[in-house]
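Take a look at the structure set out below.
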Amino acid sequence: MSQYKKNSITLIGAIGLGTGVMISAGIFALLGQVAELGGKWFPFIFILGGIVTAFSSYSYIKLSNSYPSAGGIGMYLVKEYGKGTLTAFAALLMAFSMVINQSLVARTFGTYSLQLFDMDESSLWVPVLGVILLIFAFIVNISGNKFIQSFTSFVSLLKIIGLLIFAGAGLLVTNFALSPAESTGQSPETSIASFIAAIALTVLSFKGFTTITNQGEEIVKPKKNVGRAITFSILISLIVYILLAWAVSSNLPLNEIIQKKDYALAAASEPALGNLGVWFTVIIAIIATISGIIASVFAVSRMLAMLTKMDLIPHSHFGMPGKIQRHTLVYTIVIAMILTVLFDLSRIASMGAILYLVMDMIIHWGLLTKLKQKVDFNRFIVIGALILDGLILLAFLWVKIKTDILIVIISIIIMVLTYLGERWFLKLSQS
């Protein structure tokens, strides 16, 4: 796209983009990981994640009402902290977490696609199929806003209907019995820390609502509709998550959900609906991940373009023709491809959760301390969001330090290098 177009995205289109990102990675890639950390009552962790997200989204809604912009979070950070190192650092953390989410969705696409051919999820075809999906997302994203919102809105509706059919059928088989997943001696013990840490992954599954803020300049009546789109996207996703988690919990024992965590939804469909159920679920997963990757790429490339235009991040054309937006789109896809090849689903999700929660806390702190005279908001809700973020981040880091310290170290290195790199770049550009 060569430029931003005001009033080019409707309320329905914005909701489609938000749910497109959320429902793709959230339920397909993360449900099994949430069960692994949260234990047999894992469906209720999605409710807790929805509550945490509701607190968090309040800050974004208030900021979008005051500063609707295609830069979204990047613009909010500029308003909070000015054009300095902290702004660039936090904005890049958000961009990185979104790109990480794209690789998460891409690998999910590969993992579920292989279930149609009874191939192992450790196959090299997982990253290969993920890379192919990312290339397809690039092609769609150079087709224009009108096509993107129409495509994602239609596909989002299609996958939501499909997932609700699956959830309804799965619950019908068990007579809608509200019971936890059956635990066995093989199931890991759940501690308070791991239960709280599981909420971090559900928050990651909801974070797609932030992509809506990046269309602020293009959404019809943004001061009213950005907040509406965020609210409806979270509510729709929450309902879908709860029903699906409940259906999986009712049809599979906990140890099997954990064992097949990368494709838990497909595994749960077999005892409930047979082989046809597996095919149906995998096809819905493929549709969901396609729409999710397109919507996510659409948002992050625009935020990076805005940061580039504000001279907050370095940029090189590398000989490519066209506008900056096209270049940032290419960078986004290439980085996502690298992550898709190098990391598995669990580590991708962990890194994304850590970077996102740190950025989220910076947003809340800036609103609370820097814009209290300029934006009308309830400080107790923002303080609550800050405390909840901090609590689940600490719990998640504690659990990961004990089980996979490498991904914690990698996440910290990324944050340190990003901060120091931005400080060096801004110092050079201002001298």
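Observations
- Taken as a whole, the structure leaves G74 outside the set of residues that are surrounded by fewer than 24 Cβ atoms within 10 Å (Cβ to Cβ), in contact (Cβ under 8 Å) with a residue 24 or more places away in the chain and within 21 Å of T369 (Cα to Cα).
- The listed residues are G16, G32, G49, and the only one of them that is modelled with pLDDT of 90 or more and in contact with a helix residue (DSSP H, G or I) (Cβ under 6 Å, 6 or more places away or on another chain) turns out to be G49.
- Answer from G421, G319, G384 - the residue that is surrounded by fewer than 19 Cβ atoms within 10 Å (Cβ to Cβ), assigned to a helix (DSSP H, G or I), small (G, A, S) and modelled with pLDDT under 95: G421
- Going through (1) among the charged types (D, E, K, R); (2) assigned to a helix (DSSP H, G or I); (3) over 27 Å from I287 (Cα atoms) one by one, K83 falls short only on (2).
- Those residues of the range 287-316 which are at pLDDT 80 or above and under 28 Å from K159 (Cα atoms), in sequence order: I287
- Extreme residue, surrounded by the fewest Cβ atoms within 10 Å (Cβ to Cβ), among residues of the range 260-282 that are out of contact with any helix residue (DSSP H, G or I) (no Cβ under 6 Å at 6 or more places or on another chain) and in contact (Cβ under 8 Å) with a residue 12 or more places away in the chain: W279
- Candidates L163, L158, L178, L204 - the one that is in a helix (DSSP H, G or I), surrounded by fewer than 19 Cβ atoms within 10 Å (Cβ to Cβ) and either aliphatic (A, V, I, L, M) or at pLDDT 70 or above (or both): L158
- Within the range 408-431, the set of residues being among the small types (G, A, S) and either farther than 19 Å from L355 by Cβ or in contact with a Cys (Cβ under 9 Å, 6 or more places away or on another chain) (or both) comprises S429, S431.
- Residue check for F232: buried (at least 24 other Cβ atoms within 10 Å of the Cβ), among the aromatic types (F, W, Y) and either touching a helix residue (DSSP H, G or I) at 6+ places or on another chain (Cβ under 8 Å) or part of a helix (DSSP H, G or I) (or both): no
The values are calculated or read from the model by the stated rules, or taken from the named source; none is laboratory data. Nothing here was measured: the structure is a model prediction, and the numbers come from that model. Neighbour counts run over all protein chains shown; Cβ positions are idealised from the backbone, glycine included.
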